[in-house]
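Engineer: I am attaching a structure below and will ask some questions about it afterwards.
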Amino acid sequence: MSKWGKKSVYIILCLVTMAVFAGCGKEKTEEEKLQEQVQQAFKDAGIQLDNSSQSDEKPTVESELAEINNFVTRDIWNDGLVNIGHFAHSGTSATGETIDMEFMIQQLGKAMEKKAEYDKYIQEIDSKYDEVKQLWTKVSGEIDTLYKKLQDNPPKPNDADYEFDTGLYQQYKDAFSEEIETLNQK
């Protein structure tokens with residue numbers, strides 16, 4: 001074989017080897033493929049994942065308001081207020097489970113501390129969000145009213161005379177949630 005023939009074979013072998021290694025390096029593992037599929041499913045569902053690259057970004061007013069909306073739904077309503085009337089009438093939570101009312105009121109107290117932070121935050125946002133501020137004033141005031149009633153007169157199980165009307169809270173929270181949803185769609 002001539003000198004140029006050997007060099008050509010070596011060059012071709014090197015190129016083939018590099019192509020094989022490059023192809024292997026670009027192929028994704030099954031775990032990476034699954035992770036991408038899960039991330040895409042969350043994205044398609046409108047759920048934002050907490051990525052470390054995004055944690056350096058300052059949250060927007062809209063994202064903070066969405067978190068506050070989640071708080072009034074999850075921490076105040078789902079984990080607290082919705083169960084009070086059920087407990088008084090049936091002795092159980094809204095889903096029929098046993099609950100410790102004293103502990104629930106204590107947990108709501110912790111949520112009230114967080115609510116105070118949200119009260120301050122909403123007061124300080126731009127006048128562009130005046131509708132949100134107005135609605136929050138109603139939601140926050142009704143939370144205060146209901147929490148005070150719980151502190152002053154906690155329900156007893158199976159007390160048919162105990163009244164805990166959450167109608168205004170639901171009305172105000174629904175309007176607040178709709179406003180936040182509208183802001184986040186813009």
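Engineer: Against the empirical 2.2 N^0.38 Å scaling, what ratio does the C-alpha Rg of the stretch 60-186 come to?
Structural biologist: It is 1.11.
Engineer: Just to make sure I understand: if all protein chains stay in place, what is the order of Thr182, Thr98, Thr73, Thr166 by accessible area at 1.4 Å, largest first?
Structural biologist: Final ranking, largest accessible area leading: Thr98, Thr182, Thr73, Thr166.
Engineer: Anything over 20 Å Cα to Cα? Flag those among Lys114/Lys148; Lys115/Lys173; Lys114/Lys156; Lys58/Lys138; Lys58/Lys110, in the order listed.
Structural biologist: Those over the limit are Lys114/Lys156; Lys58/Lys138; Lys58/Lys110.
Engineer: Under 15 Å from a point 7 Å along the Cα-to-Cβ line of Thr73: which residues of the stretch 151-186 have their amide N that close?
Structural biologist: Hits in the stretch 151-186 for Thr73 at 15 Å: 170-185.
Engineer: Also: Beyond 15 Å, how much of the Cα-Cα pair distribution for the stretch 90-143 remains, as a whole percent?
Structural biologist: Summing the P(r) of the stretch 90-143 above 15 Å gives 60 percent of all pairs.
Engineer: Rounding to the nearest 20 debye, state how big the charge dipole of the stretch 90-134 is about its Cα centre with +1 on each Lys and Arg Cβ and -1 on each Asp and Glu Cβ.
Structural biologist: With Lys and Arg at +1 and Asp and Glu at -1, about 40 debye.
The values are calculated or read from the model by the stated rules, or taken from the named source; none is laboratory data. Since the structure is predicted, the reported quantities are computational estimates derived from the model, not experimental observations. Virtual Cβ from ideal backbone geometry, glycine too; neighbours counted across all protein chains shown. SASA here: full protein model, heavy atoms, side chains in, ligands and nucleic acids out. Shrake-Rupley method; radii C 1.70, N 1.55, O 1.52, S 1.80 Å.
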